[in-house]
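Single-structure report; data block below.
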Amino acid sequence: MKKSYRVLLISSLLSILSLPIFAQANYRKMENYKIFYGWAHHFPQDWMVLRQFENEGKTYLMLVNPQTLVTKIDEQSFYEVKPMSMTEARSYFRNTPYQKALTKAEKQSVAIQDAGIESGVPKETGISLTADLCPSHRPLDKRIFTDIFNEFKKVEQPVPVALSVTGIWMRQHPQDLEWLKQMQAKHEIYITWINHSFNHRVSSKAPLKENFLLEPGTDISYEVLETEKAMLKNGLLPSVFFRFPGLVSDQQLVYRITDFGLIPVGTDAWLAKGQQPQAGSIVLIHGNGNEPTGVNDFIKLLQSKTQSIAKKQWLLYDLRESVDEEFQGQ
């Protein structure tokens, strides 16, 4: 059994103040997208560089604040930059919450299912909601988002939710994606976008050790980087989180993912499987229309917490801050 992550929660006011003010740009003429590690400085903040690419004659960096796990895209010319190897960069930022989270995830890498961050034990009750958008012919289950907004709008707005998105889903559901972006633009929800691989292949016959991303011949670089590129072309900001399709991985695959600078996110409460959320749970539902049972269970959970939500005794928490707070001061 994995050791639970201890999560300290900060106020919803700070959550709102930490949110980006401007919408994410669409980088539709992206070229030379690549892994690029290093240190970047623009007073007063040090950033870790994760990616580099070009768009319309300018060079851009994907950066992560190693203290808060917040990512951003910015022009390289605005920063003093020192390229590093991944090993050098992780050593340089070793005392930050971001690097401690990567290391913790690697220590949790042995299990074939559900490697990575699973849960926390906050001082107050509440959860971090994650919804997976795997390839599906069905439309987005919009009830999730309209119901959480209606329940929380008087006490917490925008409402934080983490969405694990695949490249195939983005390609097949442009109207649903635009609907989600509009909810965020209206400050009804705030989305942390999690990389969920591009293809999300799955076999009904293959054993877990040869299934999902463990399928022989899988190109992990393509699965990770093409998803990030699709996010950026669609105006989404990639986070530093990754969710394994089917929650299936092995130790080698976990290290491949952390070598991209990404933190695996699991769950201790997959609602459709009957797992009940506890205080601090990272809850998993599927928002792609394929799992109505899990969505129904989540809506029932919301309805049961109406009074607690009104009293701010049961809230949704930003996944980045949950992880960040775990490692502050260690």
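For this structure, a couple of remarks:
- Computed per residue of the chain from DSSP H runs no shorter than four, each worth -39500 (n - 2.57), the mean residue ellipticity at 222 nm is -8500 deg cm²/dmol.
- Structure remark: mean-square fluctuation, Gaussian network model of the chain, C-alpha springs under 10 Å; the largest value among Asn288, Asn199, Asn26 belongs to Asn26.
- Hydrodynamic estimate: the Kirkwood radius of the stretch 157-269 over Cα pairs, inserted into Stokes-Einstein at 20 °C and 1.002 mPa s, corresponds to D of 145 µm²/s.
- In the context of the full set of protein chains, the chain has a per residue accessible area of 45 Å² (1.4 Å probe).
- Exposure rank, largest accessible area first [Ser322, Ser85; 1.4 Å]: Ser85, Ser322
- Cut-off 11 Å between beta-carbons: net charge of the residues surrounding Arg171, Lys and Arg +1, Asp and Glu -1: 0
- Counting only DSSP beta bridges whose two residues both lie in the chain, roughly 50 percent are antiparallel.
- GNM result for the chain, Cα springs below 10 Å: residue of Ser221, Ser203, Ser308 fluctuating most strongly: Ser203
- Loop-located trypsin sites (Lys or Arg not before Pro) in the stretch 96-179, at most 16 other Cβ atoms within 10 Å (DSSP): Lys123, Lys142, Lys153, Lys154
- List Asp324, Asp268, ordered by accessible area with a 1.4 Å probe, largest first: Asp268, Asp324
- Taking all protein chains together and rolling a 1.4 Å probe, Phe78 ends up with roughly 100 Å² accessible.
- Comparing Gln252, Gln275, Gln45 in a Gaussian network model of the chain, where Cα atoms under 10 Å apart are tied by springs, the biggest mean-square fluctuation is seen for Gln45.
- By the rule of a C-alpha distance below 15 Å, with chain neighbours fewer than 8 residues away ignored, the aspartates and glutamates paired with Lys311 are Glu124, Glu151, Glu156.
- DSSP-defined beta bridges in the stretch 100-252 - what % are antiparallel, rounded to 5: 5
- Taking only the C-alpha atoms of the chain, the Rg (one decimal) and the largest Cα-Cα distance, Dmax (whole number), read 18.7, 54 Å.
- When the surface is traced with a 1.4 Å probe over the full set of protein chains, Lys82 keeps roughly 110 Å² accessible.
- Computed over protein heavy atoms with a 1.4 Å probe, the carbon and sulfur contribution to the accessible area of the stretch 122-167 reaches 48%.
- More than 15 Å apart - percent of Cα-Cα pairs taken over the stretch 46-145: 75
The values are calculated or read from the model by the stated rules, or taken from the named source; none is laboratory data. Model, not experiment: these values are computed from the prediction. Quick reminder, even Gly has a Cβ in these numbers, built from the backbone with ideal geometry, and neighbours come from all protein chains shown. We work out accessible area using only protein heavy atoms, side chains counted, and drop any ligands, DNA or RNA first. Shrake-Rupley method; radii C 1.70, N 1.55, O 1.52, S 1.80 Å.
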